[in-house]
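Structure first, then comments.
The values are calculated or read from the model by the stated rules, or taken from the named source; none is laboratory data. From a predicted model like this one, the values you see are computed outputs, not experimental measurements. No Cβ is skipped: glycine too gets one built from the backbone with ideal geometry, and neighbour counts run over all protein chains shown. To get the accessible areas, we keep the full protein, side chains included, count just its heavy atoms, and leave off ligands, DNA and RNA. Shrake-Rupley method; radii C 1.70, N 1.55, O 1.52, S 1.80 Å.
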Amino acid sequence: MSTTPEERLDVSMTINGSRYRATVEARRTLADFIREDAQLPGTKLGCEHGVCGACTVLLDDLPARSCLTLAVQAEGRQIRTVESLADGQELNHLQRAFREQHGLQCGFCTAGFLMTATALLEENATPTREEIVETMSGSLCRCTGYQTIISAIEQAAAEGQSDTEDDQ
Ligand code: FES
Ligand code: FES
């Protein structure tokens, strides 16, 4: 039996460690679910067709364009948004590096870059500059010229490495 776009379905997922449930139209995007149903506006919508990367969240730890993902496709899955990074008012090391390296101006793209970089550093704690550039090449920023974003991720990787060494 097929589902029509207007048909309403129950959906339930974990976002940043909390459970969210709603009854939504089958065509509702994950981005709209996160921003409107879950009231987490940190995830931004730019192009709404998979090009800019502003809407990137982590879906079961992998970056996903939430504008191209339906909410019902996230049923039972784990989502992380930019709101998961800071500890209260305390920015995490990647966010601090963006601020220190001037990796943001208007900030509209920043959540998407942060989540993509989070996934990169979780998979590869010591990426080369080339690996960072390649991973970030799928996201668009209209303000920064990218060099500062790349430098921020390099800084965060270096700091993560020194934290690891301190722990040994
Ligand atoms: S808003 Fe999703 S990729 Fe641009
Ligand atoms: S900081 Fe403005 S779009 Fe990237």
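Of note:
- All positions within the range 10-19 that are crowded, with 16+ Cβ neighbours inside 10 Å, touching a Ser or Thr at 6+ places or on another chain (Cβ under 7 Å) and assigned to a strand (DSSP E or B): 15
- Cβ-Cβ under 8 Å pairs, at least 6 apart or on other chains, the range 97-114 side assigned to a helix (DSSP H, G or I) and open to solvent by less than 90 Å² (accessible area, probe 1.4 Å), far side near ligand 2 (Cβ under 10 Å from one of its atoms) and among the hydroxyl-bearing types (Ser, Thr, Tyr): 98/110; 112/139; 113/139
- Unmet criterion (only one of (1) in contact with a Ser or Thr (Cβ under 8 Å, 6 or more places away or on another chain); (2) in a loop (DSSP other than H, G, I, E, B)) for residue 64: (2)
- The listed residue being within 16 Å of ligand 1 (Cβ to nearest atom) and of a type in the set (Gly, Ala, Ser), out of 86, 38, 54: 54
- Residues within the range 127-168 that are outside any helix (DSSP H, G or I), within 13 Å of ligand 2 (Cβ to nearest atom), open to solvent by less than 60 Å² (accessible area, probe 1.4 Å) and at pLDDT 95 or above, tallied: 3
- Residue 119 under 9 Å from the mean Cα position of the chain (by Cα) and outside the structural domain of residue 29 (by the TED database): yes
- Condition check for residue 3: touching a helix residue (DSSP H, G or I) at 6+ places or on another chain (Cβ under 9 Å) and crowded, with 19+ Cβ neighbours inside 10 Å: no
- Selected residue (criterion: surrounded by the fewest Cβ atoms within 10 Å (Cβ to Cβ)) from residues of the range 20-60 that are in contact with a Gly (Cβ under 6 Å, 6 or more places away or on another chain) and not small (Gly, Ala, Ser): 52
- In the range 54-83, the residues that are closer than 19 Å to residue 109 by Cβ and within 16 Å of ligand 2 (Cβ to nearest atom) form Cβ pairs under 7 Å with partners that are assigned to a loop (DSSP other than H, G, I, E, B) and of a type in the set (Lys, Arg), at six or more places apart or across chains, as follows: 54/44; 55/44.
- Residue selected from the range 61-78 under the condition of a type outside the set (A, V, I, L, M, F, W, C) and more than 12 Å from the chain's Cα centre (by Cα), by the criterion surrounded by the fewest Cβ atoms within 10 Å (Cβ to Cβ): 76
- Within the range 115-138, the only residue that satisfies the criterion of being within 16 Å of ligand 1 (Cβ to nearest atom), touching a residue at least 40 places away in the same chain (Cβ under 8 Å) and β-branched (Val, Ile, Thr) is 116.
- Qualifying residue in the range 84-93 (condition: within 16 Å of ligand 2 (Cβ to nearest atom), on the phi < 0 side of the Ramachandran plot and either touching a residue at least 24 places away in the same chain (Cβ under 8 Å) or open to solvent by less than 30 Å² (accessible area, probe 1.4 Å) (or both)): no
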